[in-house]
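What follows is one structure encoded as structure tokens, with my remarks underneath.
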Amino acid sequence: MAVGSASNTAGQASLTKRLGWTFLILCCYRIGVHVPIPGVDAAALASFFESMSGTLFSLFDMFSGGGLSNVSVFALGVMPYISASIIMQLLQVVSPDIKRMAREEGQAGRRKITQWTRYLTVLITLVQGLGIAVGLENMTSPAGTPVVLVPGWHFRLVTMMTFTAGSVLVMWLGEQITERGIGNGISLIIFCGIVVGIPRGIIHSFQLIQAGDISIFMAVLILVFMAAVLVAIVFVERAQRRIPISYAKRQIGRKMYGGQNSHLPLRLNTAGVIPPIFASSLLLFPATIGQFSSNDYVKMAADWFSPHGLAYNVLYVALMFFFCYFYTAIIFDPKDMAENLKKNGGFIPGIRPGEKTQEYIDTVLSRLTLSGATYISIVCLLPMLLISKFNVPFYYGGTSLLILVGVAMDFMNQVESHMISSQYQGLMAKARKSGRL
């Protein structure tokens, strides 16, 4: 009993340590969000961004945790890293060499791809940093005060280097959470950025109610709608399609193995929160740069891709469908599944092993992915209609709700896995101790 108790205590201490690391790193990230870059008039900047409230900029600022509105060292947040990850995953499909490196070279190949992703993140951050620096130089407050105190190449280079250092640090913080903490570090950083903005969104909602822009009845209706969407997200995220698997009996020596029934669980939303995050990262930055520009044609193009615009929503849905199928194809390979089942003596009742099993799994995955992509699109678009029609704050959007629920469920699943693992280790230690006695 003492051995099992000691093992459980050690497991709980390990879980507490990981939770502590996660909280500490997220606190460091939040501190960096409030460190501004040099050469910017803070008052003029705040006045300018107040006039941008409720636009596409609000969503981009949500993903950066408020770093963009502060023009802090973490202004770009995790978006360059996400963009680099998208490019590297697309290259795995296009380039056979990169695909072979990711699948056949094991840990060494994955480390090399991770290193290339980091280099590409730096390159993307330099380009985006230059674009934002030029945009800041063209920005003025509603009173006509320039945002940048001393424009020129000195300011641009300093801004580029500052943003690059900040994005690399955010990327490193996310990796530290993944390795030393609990959960996916990049997803938790985005989750943290959304959560800290919820109080501001609630305050803004009360201000709209007091000003008469939103009636009490409409506010209650929005709360009911949000609760319904929340319940629907939790229900669908836990939904599975279980393919029955049977194992043939095999005799090894004098023992008989197999003859059991199991199932292959396939989630309805296999891609999780990746499609809306990837789609948003591709749409947000060009539109935000367009809002910074003073060119009339660039502003017109930015208006076309505003959240309430038809072009933005159509392209947003198309990208989400693409990333749902793309990410599912990366995670699941029906050919590998069919081969593994055949090697282990498993088969789907009524389906011949081998090629027919591969075709069946591929068909089921395609149907599930279509349903999952449709569900994600509905969740992300319906609240956006409320935003455009009833001036609801952006934090109540479907994208933010989907990310919040998805990341929270993944985090709790990993905490539960650590707890079960510590209990299992305690039982094994107790069994070993009893065996020696």
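The values are calculated or read from the model by the stated rules, or taken from the named source; none is laboratory data. Because the structure is a prediction, the values reported are computed rather than measured. Don't worry about glycine lacking a Cβ; one is built from the backbone with ideal geometry, like all the others, and counts go over all protein chains shown.
Tabulated data for the structure shown
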item: Helices (runs of 4 or more DSSP H) fully within the stretch 212-317 counting 3 or more residues that are modelled with pLDDT of 75 or more and loosely packed, with under 14 Cβ neighbours inside 10 Å; result: 216-238
item: In the stretch 71-98, the residues that are over 20 Å from the mean Cα position of the chain (by Cα), surrounded by fewer than 16 Cβ atoms within 10 Å (Cβ to Cβ) and of a type outside the set (Ser, Thr, Tyr); result: 93, 94, 96, 97
item: Contacts under 8 angstrom Cβ, first residue in the stretch 195-215 being small (Gly, Ala, Ser), partner part of a loop (DSSP other than H, G, I, E, B), 6 or more apart; result: 197/65; 197/66; 201/393; 205/214; 205/392; 205/393
item: Residue list for the stretch 169-191, filter: within 14 Å of the chain's Cα centre (by Cα), surrounded by fewer than 20 Cβ atoms within 10 Å (Cβ to Cβ) and more than 20 Å from residue 119 (Cα to Cα); result: 184
item: Meets criteria (small (Gly, Ala, Ser) and in contact with a Leu (Cβ under 6 Å, 6 or more places away or on another chain)) for residue 239; result: yes
item: Verdict on residue 158 being modelled with pLDDT under 85, closer than 22 Å to residue 38 by Cβ and out of contact with any helix residue (DSSP H, G or I) (no Cβ under 8 Å at 6 or more places or on another chain); result: no
